[in-house]
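Report on one structure; see the data block that follows.
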Amino acid sequence: MNERGPWKTISEEEKYNTPWISVSHHEVIDPSGTEGIYGVVHFKNMAVGIVPLDDELNTWIVGQYRYPIKSYSWEIPEGGADRSKPPQESAERELREEAGIVATKWTPILHMHLSNSASDEEAFLYVAQGLTFFEPEPDHNEELVSRKLPFEELYQMVMRQELTDSLTVAAVLKVKLMLLNGTLVP
């Protein structure tokens, strides 16, 4: 038996595997001593998200149709990050691909586990400043629309729950707090 904290794993079997995730079935003994099962989703990549900010406190979001929720979604530029590389390197790539933006200043703002009751997915969020603009270069399977707007408008969209993407909500709220307390300056 493999012990992991107060849970004990009796057995583990991979049930599903794609280039992005794997799902495993675990026979376990929970902290109360009761036998049970647990399903775990393993993400092969990390997630990265970026709030680009210019000197006038404008930002950029991207819109795309998200298959799992069967809906169009406006989000900060975000995507997958190779676990073998520093997350900022992937964040720089995602910002260039999705929004056509290159930044000279990067500030890490959050490290999060996105759904730690069922998966090991983790995310790294950044603010990007000192922006230069190019033509976006999205992946072949992405149809993205980029939109420039004042950061305050983006914050209000989050507060009205018009945007529900977890990376976007967390990053926008953190940036707003940083702007209010002076730890982030345009």
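At a glance:
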read-out: Some residue of region 120-131 being within 30 Å of Ile37 (Cβ to Cβ) and surrounded by fewer than 16 Cβ atoms within 10 Å (Cβ to Cβ); value: yes
read-out: Failed item, numbered, when Lys148 is tested on (1) under 30 Å from Ser24 (Cβ atoms); (2) modelled with pLDDT of 95 or more; (3) charged (D, E, K, R); value: (1)
read-out: Tally of residues being over 18 Å from Pro108 (Cβ atoms), of a type in the set (A, V, I, L, M) and either surrounded by 13 or more Cβ atoms within 10 Å (Cβ to Cβ) or touching a Gly at 6+ places or on another chain (Cβ under 7 Å) (or both) across region 160-186; value: 1
read-out: Residues located in region 89-121, provided they are touching a residue at least 40 places away in the same chain (Cβ under 8 Å) and within 22 Å of Leu177 (Cα to Cα); value: Ala91, Ala103, Thr107, Ile109, Leu110, Met112, Leu114
read-out: Search result, residues across region 158-186 that are among the aliphatic types (A, V, I, L, M), assigned to a helix (DSSP H, G or I) and more than 18 Å from the chain's Cα centre (by Cα); value: Met159, Leu177, Met178, Leu179, Leu180
read-out: Checklist (1) exposed (fewer than 12 other Cβ atoms within 10 Å of the Cβ); (2) touching an Asp or Glu at 6+ places or on another chain (Cβ under 8 Å); (3) among the acidic types (Asp, Glu) applied to Glu56, failing item; value: (2)
read-out: Segments classed as strands (runs of 3 or more DSSP E), wholly inside region 12-78, with at least 1 members that are free of Cβ contacts under 8 Å to residues at least 60 places away in the same chain and among the aromatic types (Phe, Trp, Tyr); value: 35-43, 71-75
read-out: Residues that are in a strand (DSSP E or B) and closer than 23 Å to Met157 by Cα, drawn from region 79-101; value: Gly79, Ile101
read-out: Index of the failed condition, Pro136 passing every other in (1) of a type outside the set (A, V, I, L, M); (2) in a loop (DSSP other than H, G, I, E, B); (3) surrounded by fewer than 18 Cβ atoms within 10 Å (Cβ to Cβ); value: (3)
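Residues are listed down the side, and each one gets a yes or a no for (1) in contact with a helix residue (DSSP H, G or I) (Cβ under 7 Å, 6 or more places away or on another chain); (2) assigned by TED's automatic domain parsing to the domain that holds Tyr65; (3) more than 16 Å from Asp54 (Cα to Cα):
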{"residue": "Arg93", "(1), (2), (3)": "no, yes, yes"}
{"residue": "Thr107", "(1), (2), (3)": "no, yes, no"}
{"residue": "Glu142", "(1), (2), (3)": "no, yes, yes"}
{"residue": "Arg147", "(1), (2), (3)": "no, yes, no"}
{"residue": "Val169", "(1), (2), (3)": "yes, yes, yes"}
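The values are calculated or read from the model by the stated rules, or taken from the named source; none is laboratory data. Just so we're clear, the structure is a prediction, and the values are computed from it rather than from any experiment. Cβ atoms come from the backbone with ideal geometry, glycine included; neighbour counts cover every protein chain shown.
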